[in-house]
């Protein structure tokens with residue numbers, strides 16, 4: 001029986017592929033046949049991820065999305081080396097918690113440069129003629145923080161809300177080019193971020209126990225997020241665009 005998620009020979013760019021959810025997306029997409037191009041700041045980390053991928057035809061590209069003016073050059077080099085894209089995952093992000101009284105404009109800009117401006121510029125560049133194939137699909141990694149408030153998350157939550165709002169607009173604008181764009185909104189996931197969270201609060205702390213009551217299916221695995229991304233990139237999701245899909249263990253139902 002053929003799997004409904006089949007990305008055989010699809011060329012997918014993953015920005016932010018050196019760790020966490022982006023890393024797992026790379027592994028999962030390679031397992032369903034994709035040819036993955038890994039992009040992030042640290043080339044040494046990308047090479048480590050490259051060794052974990054199944055199949056061949058993969059590649060890496062050093063890329064710092066905080067330097068938005070350099071994204072066009074990087075995208076051109078990727079297309080010249082690997083060819084037109086069938087999909088992109090934008091998993092680059094910074095989740096810094098900043099108390100309101102320390103949330104100066106320059107701090108907000110630092111968060112937005114990576115979480116939002118880097119995203120929109122990468123999308124803008126790959127949506128140019130000759131850089132994508134018919135049926136192009138884009139997935140941004142958003143967060144449940146885009147719809148749920150929390151202390152010290154003004155900049156982070158705002159940047160993710162901006163991503164989701166932009167996606168709804170881009171979906172309408174790019175539909176006539178046969179481009180679909182969506183986002184996945186994870187809740188707390190077992191990444192380095194959660195490790196730091198446990199270091200700060202403790203696994204048995206009231207803070208963590210309260211989280212587990214609200215996120216009642218438990219802490220997500222990176223596979224849970226990557227599986228949703230693979231679906232949205234696949235032809236099985238061809239009729240889905242402009243949405244944000246919560247992958248949150250029930251958190252947003254509470």
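Quick note: the coordinates plus some simple rules give every number you see, no bench work behind them. Bear in mind that the values here come from a model prediction, so they are computed numbers and not experimental data. Cβ coordinates were reconstructed from backbone atoms using ideal geometry, including for glycine residues, and neighbour counts include every protein chain displayed.
Quote the Stokes-Einstein diffusion coefficient, in whole µm² s⁻¹, for the range 14-91, based on the Kirkwood radius over alpha carbon pairs, a temperature of 10 °C and a viscosity of 1.306 mPa s.
Estimated via Stokes-Einstein, D reaches 129 µm²/s.
So between residue 77 and residue 172, what do we pick up on full extension, going 0.36 nm a residue minus the alpha carbon distance? Before the final figure, lay out each step's value.
On the way: separation 95, 0.36 × 95 = 34.20 nm, distance 2.79 nm.
That works out to 31.4 nm of additional length.
Would you kindly state how much longer the chain becomes between residue 150 and residue 45 on full extension, computed as 0.36 nm times their sequence separation minus their alpha carbon distance, in nm to one decimal? Walk me through the numbers before you get to the answer.
Values: separation 105, 0.36 × 105 = 37.80 nm, distance 3.15 nm.
Fully extending the segment from residue 150 to residue 45 adds 34.7 nm.
Suppose we look only past 18 Å in the calculated P(r) of the range 106-254. What percent of the Cα-Cα pairs does that tail hold?
For the range 106-254, the fraction of Cα-Cα distances above 18 Å is 61 percent.
Given contacts defined as C-alpha pairs under 8 Å and at least six residues apart, what's the relative contact order of the range 11-247, whole-number percent?
Working: 437 pairs, mean separation 47.9, N = 237.
It comes to 20 percent, rounded to a whole number.
Given R₀ = 22 Å, what would the calculated FRET efficiency be for residue 209 paired with residue 94, taking r from the Cβ atoms and rounding to 0.05?
My answer for the efficiency is 0.25.
In which sequence would 173, 54 go, from the one with the fewest C-beta neighbours within 10 Å to the one with the most? Please report the intermediate quantities before stating the final value.
Working: 173 11, 54 14.
Fewest-to-most Cβ neighbours within 10 Å comes out as 173, 54.
Normalise the Cα radius of gyration of the chain by 2.2 N^0.38 Å (N = residues in it) and let me know the number.
Its radius of gyration relative to the 2.2 N^0.38 Å reference: 0.97.
Suppose the chain between residue 199 and residue 221 were pulled fully straight at 0.36 nm per residue; how much longer would it get relative to their current alpha carbon spacing?
6.1 nm
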